[in-house]
Amino acid sequence: MKVSAISVDLDSLQHYCRIQGVPESVLDDRARSLVDAVAVPRYLELFDKAGVPATFFAIGAEAGPSLRRAREAGVEIASHSFAHDYAMSRWPADRIEQDLDAAHTAITEASGAPPVGFRAPGYTLSAALLRAVARKGYAYDSSAYPAAPYWAAKAGVMGALKVLGRPSRAILDSPRVLLAPIFPYRPALDQPYGKGDAPLKELPIAVAPVTRVPFIGTFVTMMPWPVVTMTYRAVSALPLLNFELHAVDVLDVSDGIPEELARQQRDLKVPATEKLSRLSKLFGWMKESSDCLTLRDAASRFDLN
Ligand SMILES: [Zn+2]
């Protein structure tokens, strides 16, 4: 049976402001605490109803009390760095190591268990970053996102924001990521998007074979439903359907997301009830037609030696 996994990056709204070039002053206290107070409990309920396991990628600096509840409910808590700085892949090794150590400590304290997996901010790896993750003894990394339309769109949006005088803090990955395998592989430590003999495994985020259309949370919540079902059929042929979501995929403006941000990030305007109903349908399919696992368990399922 094929393997699938559901993971959620717990990025707070501050990070969306930074990507979109919207001032963080639009966020009040409620907006700042939405992920921990609203999104996480909403996801736990969704996973519980669907009977599926999942992985949260937590940001060390934002590790909140909901992480322990999540872990006690059976959710794996992995590391999404400490500062979630989009430039992390350009940092020198010692700065990367400090950040990873701080994330490890904060997440272990908040959740009650040490993380064994990592996802880079903005999905962008460098050799120094992958090496530092491997040095921590983690079992897997899940940052590779070999999606052609995503890369092209990000390049376009970043260019447009620059023209508008609202430079984005996002970092454009090397086009080499487009050649990365779309199935689990053992990466090379000096070339994270190529195969090699690193001690950890790389679990790429799901993209459709051939077209490399990204099958992620916003795709499932935003695209016409027949397109979602068709693309689901394509990605369910992958040995690992690594379905990636964000905390905001279960939030909307009525939860307190400011209009200024929702205008730039259109998925925030879709009602959360609609998004939840689509996700619960998808989780049902994944459970029925694959072994749905945490990423930690999925990593140990693939023998890549
Ligand atoms: Zn993130």
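Computed from the coordinates by the stated procedures, all read-outs in this text should not be read as laboratory data. A quick note: this is a predicted structure, and the numbers were derived from the prediction, not measured. Cβ placement follows ideal geometry from the backbone for every residue including glycine, while neighbour counts extend to all protein chains displayed.
Quick look at the values:
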| item | result |
| --- | --- |
| Extension gain (nm, one decimal) between Glu274 and Ala102, 0.36 nm per residue minus Cα-Cα | 58.2 nm |
| Cross-link table Lys49/Lys281; Lys136/Lys287; Lys49/Lys275; Lys136/Lys201, entries beyond 21 Å C-alpha to C-alpha | Lys136/Lys287 |
| Estimated inter-spin distance, Asp297 and Arg186, nm [label 7 Å along Cα→Cβ] | 2.5 |
| Gain on full stretching of the segment that runs from Lys287 to Ala37 - 0.36 nm per residue minus C-alpha separation | 87.3 nm |
| Alpha-carbon centroid distance for the pair region 65-114 / region 212-271, whole angstrom | 24 |
| The chain - mean residue ellipticity at 222 nm from DSSP helices (-39,500 (n - 2.57) per run, n ≥ 4, rounded to 500) | -12000 deg cm²/dmol |
| Modelled FRET efficiency - R0 30 Å, Met1 with Asp48, Cβ distances, 0.05 increments | 0.85 |
| Inverse mean reciprocal Cα-Cα distance (Kirkwood Rh) of region 196-237, Å | 11.5 |
| Difference of contour (0.36 nm per residue) and Cα-Cα distance, Thr211 to Ala237 | 8.0 nm |
| Net charge contributed by nearby residues that have their C-beta within less than 10 Å of Val38 (K/R +1, D/E -1) | 0 |
| Value of D in µm² per second that Stokes-Einstein yields for region 3-301, Kirkwood Rh from Cα pairs, at 25 °C (0.890 mPa s) | 128 |
